[in-house]
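Student: Sharing a structure, written as structure tokens. Questions coming.
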Amino acid sequence: MPAEPSASSRADTAAELLRRSLERGRLAHAYLFLGDDLGVLEDAALRLAQTLNCLQPPTLGANGVPVEPCGICLNCRRITSRNHPDVVWVRPEMKSRIISVDQTRGVIDRMNLKTTEAAHKIAIFVAADRMNTSASNAFLKTLEEPPAGSVLILLSVEPDRLLETILSRCQRLSFASGLVRVEESVAGWIGEFAALAQPASPGLMGRYRLLGTLLNTLSQTKETIEEALTAQSPLTKHPDAEPSQRERWEDELTAAVEAEYRRRRAAFLAGLQAWLRDVWLGTLGTETGLAFLPQFGPATAAVARRLSPPEARRNLESWEATQRMLFTNAQEALVLEVGLLRLTL
Ligand SMILES: [Zn+2]
């Protein structure tokens, strides 16, 4: 397996792609920065805002498009301290964690004002996926007819929550570090799953093999947890304790095993969700380096070629529903079986 890309190297790759497109004089009016760390995305957006509004950019690309900021001019400094009037930051409201239609309209109004100080008016939507439906619709209109001189930058760590019409109208760049939230055992199982799905769309037998790998992995996980927690339990250390005391310890042990198992199971299922998201991003015909799990690139691309974007997106919704079902008292094996049979692969 090739070495895992580090967070910084992948962010550097995205920054380099952006730099090269600016050198060629290609400035999009809307960008979507994807990744798994909003802080990294905010830094990248801040740098682009500086680049476009720098008063003395050290490098210019084709058509006079600036390629990098000086970092020290008045505009660069005001953008760093987040108080440049032509660079607007939009964040989800604290309580609702939503970007509302009022917030969105307010930003659009500001974008429509004549630029007073800077070359470009820039709106940066932090966690753009938090726009609710009416905000998304208001935003979409602006995306279709952007005010002259404006640049919109959307940041998202959950791009599958964005409308496809918004996604497709933005130039997308991935700053995802890959693997950061996927444990080794989870990545191992997803690798197995992706490899099984890669050559051809799995038929019924294939589906049951995929289910088999999942159920095996989960039962091994549960055994490992049971062994580890039993070894730590006072039951093992105090074999002569009172029966009532032992009973209490047994109950505690059972509850602890169950809680830890649910946590681990959620990690496996979330890992598959991340891979399905990569497949979906692949169906949108995105540039290289977009994946959240780059190590499975060939299998991801192979599956993405067989699916339409709506099919791949339905997989995301369906697998999310499967995970929610497990929080109810539904029977695990049945829920997983139905969930896997529902996926289009
Ligand atoms: Zn500057």
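Student: To the nearest Å, what is the center-to-center distance of the range 81-139 and the range 194-242, using C-alpha atoms only?
Tutor: 46 Å
Student: What order do you get for 202-211, 123-132 when each peptide is scored by the mean count of other beta carbon atoms within 10 Å, highest first?
Tutor: 123-132, 202-211
Student: Then there's this: Could you rank the peptides 244-255, 37-48 by their average count of other C-beta atoms within 10 Å per residue, with the highest value first?
Tutor: Going from most to least packed, we get 37-48, 244-255.
Student: Please give the FRET efficiency for ALA241 paired with ALA267, using the beta carbon to beta carbon distance and R0 = 25 Å, rounded to the nearest 0.05.
Tutor: That pair, ALA241 with ALA267, gives E of 0.15.
Student: For the range 80-180, which GluC sites (Glu not before Pro) are in a loop by DSSP, counting at most 10 other Cβ atoms within 10 Å?
Tutor: Here no loop site has a sparse enough neighbourhood.
Student: Using square roots of five times the C-alpha gyration tensor eigenvalues, list the equivalent-ellipsoid semi-axes of the range 7-174 in whole Å, biggest first.
Tutor: Values for the range 7-174, descending: 24, 18, 15 Å.
Student: Next up: In whole Å, largest first, what are the principal axis extents of the Cα atoms in the range 214-291?
Tutor: 65, 20, 15 Å, listed from the longest principal axis down.
Student: Right, another one. Sorted from largest to smallest, which semi-axis lengths in Å does the alpha carbon gyration tensor of the chain give for its equivalent ellipsoid, taking the root of 5 times each eigenvalue?
Tutor: 45, 23, 20
Student: Of the heavy-atom accessible surface of the range 7-174 (probe 1.4 angstrom), what whole percent is carbon and sulfur?
Tutor: 50 percent
Student: Same structure again: Of the beta bridges DSSP finds with both residues in the chain, what % are antiparallel, to the nearest 5?
Tutor: For the chain, the DSSP antiparallel bridge percentage is about 10.
Student: Sticking with this structure for a sec: Give me the extension gain from GLU252 to LEU74: residue separation times 0.36 nm, minus the current Cα-Cα distance, reported in nm with one decimal.
Tutor: 57.9 nm
Student: Which of LYS222, LYS141, LYS95 moves the most in a Gaussian network model of the chain with Cα springs under 10 Å?
Tutor: Its mean-square fluctuation being the largest, the pick is LYS95.
Student: Based on the Cβ-Cβ distance of ASN137 and GLU227, what FRET efficiency does E = 1/(1 + (r/R0)^6) give at R0 = 51 Å, to the nearest 0.05?
Tutor: Between ASN137 and GLU227 the formula returns 0.45.
Student: Per residue, how much accessible area does the range 182-234 show when a 1.4 Å probe rolls over the protein heavy atoms, in square angstrom?
Tutor: With the other protein chains kept in place, the range 182-234 gives 53 Å² per residue.
Student: Same structure, new question: Would you mind working out the accessible area per residue for the range 1-146, using a 1.4 Å probe, and quoting it in Å²?
Tutor: Here the residues of the range 1-146 average 51 Å² of exposed surface.
Student: Per-residue ellipticity at 222 nm for the chain, helices alone: DSSP H runs ≥ 4 residues times -39500 (n - 2.57), over residue total, nearest 500 deg cm²/dmol?
Tutor: -18500 deg cm²/dmol
Student: Carbon-plus-sulfur fraction of the accessible area of the range 184-342, 1.4 Å probe, in percent?
Tutor: 56 percent
Student: Set the Förster radius R0 to 41 Å, insert the Cβ-Cβ distance between ARG324 and LEU17 as r into 1/(1 + (r/R0)^6), and round the FRET efficiency to 0.05.
Tutor: So the FRET efficiency works out to roughly 0.70.
Student: Give me the Kirkwood hydrodynamic radius of the range 119-193 in Å, from all C-alpha pairs, to one decimal place?
Tutor: 14.5 Å
Student: Cα convex hull of the range 193-345: how many Å³ per residue?
Tutor: That works out to 113 Å³ per residue.
Student: Which order, highest average first, do 151-160, 165-174 follow once you tally other Cβ atoms within 10 Å for each residue and take the mean per peptide?
Tutor: 151-160, 165-174
Student: Test of understanding: express the Cα radius of gyration of the range 180-229 as a ratio to 2.2 N^0.38 Å, with N the residue count.
Tutor: Relative to the 2.2 N^0.38 Å estimate, the range 180-229 comes out at 1.32.
The values are calculated or read from the model by the stated rules, or taken from the named source; none is laboratory data. Computed from a predicted model, the values in this text were never measured in an experiment. Every residue, glycine as well, gets a Cβ built from its backbone with ideal geometry; the counts of neighbours run over all protein chains shown. Ligands, DNA and RNA are stripped out before the accessible areas are found, and what is left, the full protein with its side chains, is counted by its heavy atoms. Shrake-Rupley method; radii C 1.70, N 1.55, O 1.52, S 1.80 Å.
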